[in-house]
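What follows is a single structure, written as structure tokens, with notes after it.
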Amino acid sequence: MSESRWKPASGLSTAARLHWPALLVGGVAGCTALVVAVVCPPFHAPDEQKHFDYVQRLGEDARLADLASCTVPQSSEESHAIGIELVAPVARRQERSVPVETFRLPPSDAAARLTSGCNDAATHPPLYYAISALGYRSAAAGNVLQRIHGARLASVFWGMAGAIAAYLAGAWFFGRRSDGALVGLTFALQPMIVFLNGVVNNDSAAICAAAACWAALARLWRAEQRGRTLVVLGFLALVGVQTKTTFTLTLPVFAAGCLLVLGPGRLSSWVKTATVFLPAAAAEVAWRIHARAAIAKGMSGGGTSISLVRYLQSALDYSHLREVWIDEYWMAWGWVDVRLPLQHYWTIRLLLLLALAGLCLGWTTLDRRSRAFVGFVAAATVFLCGTLYAIEYAVIRRTPLVSFIQGRYALTLFPAHAAALSIGLRGLTARVTSRLDPAWVVPSLLVPLDVASVAALTLRFYHA
Amino acid sequence: MRSVAVLAAGTALSIPPLLACGVTAMLLLHPAYQGDDAGAPAVTVPIGPLHPQAQFRFELPPSPTPYAALDLLLATWETMPVVRWSACAAERCARTLAWAADNQSVRLDLPADLRSGEVEVRLDAVNFGLLAYWGSDATHPRWTASRGSEWPTALSRMSKLATMSGVPRAAWLLAVGAAVLLACGAFAIAMFLRGRSPENEAAEGALPMPEG
């Protein structure tokens with residue numbers, strides 16, 4: 001590829017001129033997410049009906065649900081009708097397709113749109129839903145399907161922003177715009193992220209905010225404009241805790257990263273880190289206090305008496321670990337059983353094995369910075385997974401639920417995982433050649449996975 | 001020695017994307033989904049492992065339109081066998097080569113213009129894995145028969161729902177998405193083969209070093 005292809009466009013600000021490939025990466029993320037938004041039938045995504053209910057509450061009434069008075073889960077009449085017509089007949093019945101020919105749009109008057117917003121999703125902070133409500137309002141004159149897709153558009157934009165942030169994280173960490181494109185494309189093409197960016201679910205916002213924090217940390221590590229970067233990091237953390245709890249669980253990772261970059265041996269580093277993340281922590285505490293009654297109710301109802309040892313034996317079983325942290329993390333489309341070819345999961349596992357082999361073989365060729373980063377990512381992953389297991393154990397002991405963790409909850413770490421994956425794969429050829437760049441195997445693998453995912457989604461719901 | 005190492009690394013790295021491309025191509029060319037439980041008992045177990053020349057018979061009820069395919073739900077114990085089948089009816093046979101996956105249907109082509117009658121399915125070959133079908137016993141596999149071609153119908157129905165959702169040209173969007181994905185794939189392959197060395201650092205747009 002000649003130098004001219006990377007020559008920045010003229011007439012733009014310096015940063016924009018330098019990082020114009022970010023726009024292309026954002027475009028890829030937007031395009032793939034739009035495909036999912038169009039193909040996936042309404043409410044066939046993780047808890048999409050509940051998330052839409054929250055959006056509808058804000059879109060119609062511009063008020064949050066009154067959590068103190070919520071007694072039973074509710075949704076609007078039209079949302080309920082969609083669930084009855086397009087979800088219930090099809091859920092877990094692979095041989096049945098969405099009844100497009102017999103489906104009739106439900107009445108869409110003001111009464112049919114009314115909802116109290118009382119459901120599990122109501123305990124989430126409101127930022128994602130407020131922005132989705134703007135998309136909802138843009139289709140206010142339309143039918144319920146159009147308003148669902150209006151809300152889905154918000155996730156698409158979060159996805160595009162997340163991909164741009166991932167590009168910046170890669171570019172600032174590796175010091176090359178081509179590596180920014182690598183990390184950005186890996187993010188934009190990751191099948192689970194593509195799916196979440198096309199449906200109504202606050203995961204897209206949490207993952208985007210996390211990607212932005214990783215970018216800020218990478219810039220901090222480059223020691224560029226540290227003061228301004230710290231302020232931005234604090235703002236991004238504040239935004240992030242307003243998206244989803246999974247971001248909040250990752251906040252300690254960002255704080256630890258900030259401290260390590262600033263230098264943990266200095267008192268000023270501790271003071272700066274605490275100052276940066278204090279607003280986010282305060283906002284999180286404030287929201288928890290606001291929603292305490294609903295959260296307490298959600299963590300009650302009787303549970304399963306299971307010892308910690310027995311729980312760990314089950315949770316750390318190899319097949320369960322593989323299913324949650326590989327299959328669900330990378331590629332579990334559809335809320336009600338879109339089955340993807342098993343061989344695709346084999347390719348992901350093989351890729352991860354190759355990266356691990358590359359890390360082992362090329363460890364001594366890595367510079368100190370890369371080794372420190374890989375170690376930090378490994379520790380962050382163990383921390384987040386451990387925290388999720390602790391929460392799941394509490395959930396099982398106190399509620400009727402028998403499981404809680406889904407692999408997508410760790411996607412806030414994905415930009416860092418993508419960078420570590422690149423480092424690992426490059427280790428495979430580090431000693432023998434620079435005429436191949438193994439890191440680019442990742443996006444080249446993700447392309448056929450995305451094609452297969454959309455194909456499987458289409459077949460599953462629309463077959464004759 | 002170095003050339004051998006480069007070749008080995010390049011081959012190992014090519015396996016995941018090539019494998020994924022192959023599986024995706026099979027899915028696109030032989031679309032399959034888990035079929036109906038029609039004629040299936042409530043409790044099923046994997047019947048197998050099956051060996052070449054294993055045969056079973058299905059009775060297709062009369063249909064006004066020709067049957068297109070017969071779907072069998074398979075078990076492979078998480079292996080990835082490549083399987084060849086023959087489905088014969090009225091002295092005509094159709095052959096299918098398919099990559100089998102655990103708990104997923106395989107779509108067996110049927111002879112053209114088949115509207116009823118007995119179909120004899122024979123397993124011609126099983127390579128690189130194990131194979132069984134889900135059924136109550138050796139003579140009762142879970143199966144279904146489908147009519148018509150799959151992709152045009154599926155895309156048409158998807159477009160209809162998309163139109164109701166305010167997206168008038170869903171097929172165009174899919175086409176654009178496919179083009180974008182192919183472009184990304186081509187770009188990734190080009191960057192993989194280009195390599196990564198200090199010589200091309202300037203061309204790749206190295207970021208200015210921070211001051212201080």
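The values are calculated or read from the model by the stated rules, or taken from the named source; none is laboratory data. Worth saying up front: this structure is predicted, and the values here are computed from it rather than measured. No Cβ is skipped: glycine too gets one built from the backbone with ideal geometry, and neighbour counts run over all protein chains shown. Calculation scope for accessible area: heavy atoms of the full protein, side chains included, ligands and nucleic acids excluded. Shrake-Rupley method; radii C 1.70, N 1.55, O 1.52, S 1.80 Å.
Below, the figures for the structure above:
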{"item": "Among the candidates A:115, A:123, residue that is farther than 30 Å from residue B:143 by Cα, touching an Asp or Glu at 6+ places or on another chain (Cβ under 8 Å), open to solvent by 10 Å² or more (accessible area, probe 1.4 Å) and at pLDDT below 95", "result": "A:115"}
{"item": "Residue within the stretch B:70-85 that is modelled with pLDDT of 80 or more and more than 16 Å from the chain's Cα centre (by Cα) present", "result": "yes"}
{"item": "Extreme residue, modelled with the lowest pLDDT, among residues of the stretch A:282-313 that are open to solvent by 70 Å² or more (accessible area, probe 1.4 Å) and either touching an Asp or Glu at 6+ places or on another chain (Cβ under 6 Å) or more than 24 Å from residue A:252 (Cβ to Cβ) (or both)", "result": "A:297"}
{"item": "Residue A:390 being free of Cβ contacts under 8 Å to residues at least 24 places away in the same chain and either acidic (Asp, Glu) or under 26 Å from residue B:23 (Cβ atoms) (or both)", "result": "no"}
{"item": "Residue within the stretch A:76-94 that is away from chain B (no Cβ under 12 Å), surrounded by fewer than 23 Cβ atoms within 10 Å (Cβ to Cβ), free of Cβ contacts under 8 Å to residues at least 12 places away in the same chain and part of a helix (DSSP H, G or I) present", "result": "yes"}
{"item": "Pair list, Cβ under 6 Å, 6 or more apart: the stretch A:433-461 residue farther than 14 Å from residue A:340 by Cβ, other residue part of a loop (DSSP other than H, G, I, E, B) and open to solvent by less than 10 Å² (accessible area, probe 1.4 Å)", "result": "A:434/B:195; A:435/B:195; A:436/A:429; A:436/B:195; A:437/B:195; A:438/A:429"}
{"item": "Filtered residue count, the stretch A:425-464, keeping only those that are of a type in the set (S, T, N, Q), open to solvent by less than 10 Å² (accessible area, probe 1.4 Å), at the interface with another protein chain (Cβ under 7 Å from one of its Cβ atoms) and assigned to a helix (DSSP H, G or I)", "result": "1"}
{"item": "Residue tally, condition at the interface with chain B (Cβ under 9 Å from one of its Cβ atoms) and assigned to a helix (DSSP H, G or I), over the stretch A:133-146", "result": "2"}
{"item": "Residue in the stretch A:360-380 that is within 12 Å of another protein chain (Cβ to nearest Cβ), touching a helix residue (DSSP H, G or I) at 6+ places or on another chain (Cβ under 7 Å) and more than 30 Å from residue A:98 (Cβ to Cβ) present", "result": "yes"}
{"item": "Number of the exception - residue B:103 against (1) on the phi > 0 side of the Ramachandran plot; (2) open to solvent by less than 60 Å² (accessible area, probe 1.4 Å)", "result": "(2)"}
{"item": "Restricting the stretch B:70-93 to residues that are in contact with an Asp or Glu (Cβ under 6 Å, 6 or more places away or on another chain) and under 18 Å from residue B:120 (Cα atoms), the residue that is nearest to the other protein chains (Cβ to nearest Cβ)", "result": "B:84"}
{"item": "Selection count, the stretch A:398-424, where residues are touching a helix residue (DSSP H, G or I) at 6+ places or on another chain (Cβ under 7 Å) and in a helix (DSSP H, G or I)", "result": "18"}
{"item": "Single match in A:435, A:431, A:408 (criterion: of a type in the set (Lys, Arg) and within 19 Å of residue A:344 (Cα to Cα))", "result": "A:408"}
{"item": "In the stretch B:68-83, the residues that are in contact with a Lys or Arg (Cβ under 7 Å, 6 or more places away or on another chain) and open to solvent by 10 Å² or more (accessible area, probe 1.4 Å)", "result": "B:68, B:73"}
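Yes/no per residue for (1) open to solvent by less than 10 Å² (accessible area, probe 1.4 Å); (2) in contact with a helix residue (DSSP H, G or I) (Cβ under 6 Å, 6 or more places away or on another chain):
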site: A:142; (1), (2): no, no
site: A:153; (1), (2): no, yes
site: A:156; (1), (2): yes, yes
site: A:188; (1), (2): yes, yes
site: A:195; (1), (2): yes, yes
